[in-house]
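**Q** There's a structure below that I have some questions on.
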Amino acid sequence: MISSVLIANRGEIAVRIARAARECGIRTIAVYSEPDRLAPHVLEADEAYCIGPASSSQSYLRGDALIELAQRVNAEAIHPGYGFLAERADFAAAVETAGLVFIGPTADTIAAMGDKTEARRRMAKAGVPIVPGLTEAVADADEAESAAIEIGFPVLLKASAGGGGKGMRVVERPEDLRRAFEAASREALAAFGDGAVYLERYLARPRHIEIQVLGDAHGNVVHLAERECSIQRRHQKLVEEAPSPVLTAEERAAMGETAVRAAEAVAYRGAGTIEFLYEEGEFFFLEMNTRIQVEHPVTEFVTGVDLVEWQFRVASGEILPFAQDDIELSGHSIECRITSEDHLGGFLPSTGVITHLEVPTGPGVRWDGGIVEGGEVSLHYDPLLAKLVVHGATREAAIRRMRRALDELVIAGVETCAPFHRRVMDEEEFQAGDLSIRYLDDHPELLEPDDAEHELIAATVAAALLEDEHRKRRAPRIEGGGGAPLSGWRRTARPWGDRG
């Protein structure tokens, strides 16, 4: 087993990795930016070292500095988590060149699956169904227009070098194609350093279903069934569950076998995910994520397999001790991503100090968090604060448990999306499992305040205005000026636990 690991990440995933490493007897080394000095992932590790200032480009994205630190403190391996450097082939290669173990697939695998057009070519060659479209990036807007006419509208423009919704545009009419191409290319260049874009057929109402795969360095690959991730906003997942409420056992087996074939085609090592679009019994390869996924806990709940532990074991050279027939599913699991975003304000980010935190507990409830009471939430990093995950004997039981857990959750000091998740749990089509990636388009009421929230907002505004008036009356005169302190409005907390 690997003896020590530097965790090249922050937040809840860094905490998750540190805990798994400790259970494996692995020494953990955390890194942190200056404002993260007292963050939970720092306190969770055996050792911690400052890697730079707040900006991620000067701290968590400094691959050279991370590798140099790992060598200096005698770390044997580097675990990238997800985000930041997790899917940078050049970073994985540099780690291996430095004589360290990269906890993840090889640099060649990351490069092949990170280039979306190359991934489509490889998958087509391996017999994996892909969404009809191109396997090469288009050179310019003229070529994009010609390709779109051949594929047929609507089409989807996608960045070749990345994912997460960046560099992606739906185009329904020919007259909109050129403007959309230029916008997608600009966004892709800014996000990934590569403006290449390709086209594929746009599926109007598919479900987003992904298969978890796990491979070792000896050629063995298994799948651990699927996750339903259809509830999204701008291609960012919000709610995930396992298993999908729609797949039959036969469809699960077919998608799983296809995912294994896809992983084998790139000699996949470690934990990864094959993402599919599913519509009316058909499924098509979307992309592969060559890392641990945010939503991995739901798979762990229903399979009993600790995916992060097996990342360490695979990286240590161990052979998978179980075959496909050994993987069994038990019950149902749901995950809600708790972000510092206001769903009533267009999911705009919210910042501030967490003044009060109450975390739900009890049977079948898991909290993967990267926050503490008194901690500061800033704009420097991703708004994901934590993941609230539940498990129940059935999907209905899991929904009831998630309702209860959300009711217990209190985060004061910043806005969070927890009220949105509570509404989803009560929504009839969600309860029926009637989902697609257009779920939020079909349910705009989930993003609008109800009567209770209207009353709370009005009361909060009135209280803030009254506080401002009192503060102004108390404020001393300074050099003949008004000297009134800043408004207390932005600091007025509206914790989820108080919202009707």
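**Q** Restricting to the range 20-45, name every residue that is surrounded by fewer than 17 Cβ atoms within 10 Å (Cβ to Cβ) and within 22 Å of the chain's Cα centre (by Cα).
**A** none
**Q** Then there is this: Kindly provide the set of residues from the range 207-220 that are over 13 Å from residue 273 (Cβ atoms) and either among the acidic types (Asp, Glu) or crowded, with 22+ Cβ neighbours inside 10 Å (or both), ordered by number.
**A** 207, 216
**Q** Within the range 357-379, work out how many residues are assigned to a loop (DSSP other than H, G, I, E, B) and under 19 Å from residue 33 (Cβ atoms).
**A** Of the residues in that region, 7 qualify.
**Q** Could you grab me the full set of residues in the range 380-399 that are part of a loop (DSSP other than H, G, I, E, B) and touching a helix residue (DSSP H, G or I) at 6+ places or on another chain (Cβ under 8 Å)?
**A** Listed by number, the residues that qualify are 380, 381, 382.
**Q** What residue, of 190, 183, 263, 242, is farther than 14 Å from residue 283 by Cβ, in the same structural domain as residue 148 (by TED's automatic domain parsing) and within 21 Å of the chain's Cα centre (by Cα)?
**A** Selected residue: 190, the only one of 190, 183, 263, 242 that is farther than 14 Å from residue 283 by Cβ, in the same structural domain as residue 148 (by TED's automatic domain parsing) and within 21 Å of the chain's Cα centre (by Cα).
So that you can scan it fast, the table gives a plain yes or no per residue for (1) touching a Phe, Trp or Tyr at 6+ places or on another chain (Cβ under 8 Å); (2) in the same structural domain as residue 81 (by TED's automatic domain parsing); (3) farther than 19 Å from residue 232 by Cβ:
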{"position": "384", "(1), (2), (3)": "no, no, no"}
{"position": "394", "(1), (2), (3)": "no, no, yes"}
{"position": "400", "(1), (2), (3)": "no, no, yes"}
{"position": "415", "(1), (2), (3)": "no, no, yes"}
{"position": "435", "(1), (2), (3)": "no, no, no"}
{"position": "439", "(1), (2), (3)": "yes, no, no"}
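**Q** Also: Could you check the range 128-163 and list, in sequence order, the residues that are over 25 Å from the mean Cα position of the chain (by Cα), part of a loop (DSSP other than H, G, I, E, B) and buried (at least 18 other Cβ atoms within 10 Å of the Cβ)?
**A** 134, 137
**Q** While we're on this one: Looking only at residues that are of a type in the set (Ser, Thr, Tyr) and surrounded by fewer than 17 Cβ atoms within 10 Å (Cβ to Cβ) in the range 366-411, which one is nearest to the chain's Cα centre (by Cα)?
**A** It comes out as 378.
**Q** Being of a type in the set (Asp, Glu) and at pLDDT 95 or above narrows it down to one of 200, 226, 150, so name that one.
**A** Among 200, 226, 150, only 226 is of a type in the set (Asp, Glu) and at pLDDT 95 or above.
**Q** Which numbered condition in (1) under 22 Å from residue 292 (Cβ atoms); (2) touching a residue at least 60 places away in the same chain (Cβ under 8 Å) is the only one that residue 96 fails?
**A** Status for residue 96: all satisfied but (2).
**Q** When you go through (1) closer than 27 Å to residue 324 by Cα; (2) touching an Asp or Glu at 6+ places or on another chain (Cβ under 7 Å); (3) of a type in the set (Lys, Arg) one by one for residue 205, which number turns out not to apply?
**A** (1)
The values are calculated or read from the model by the stated rules, or taken from the named source; none is laboratory data. If you're wondering where the values come from, they're calculated on a predicted model, not measured in any experiment. Every residue, glycine among them, receives a Cβ derived from its backbone with ideal geometry; neighbour counts consider all protein chains shown.
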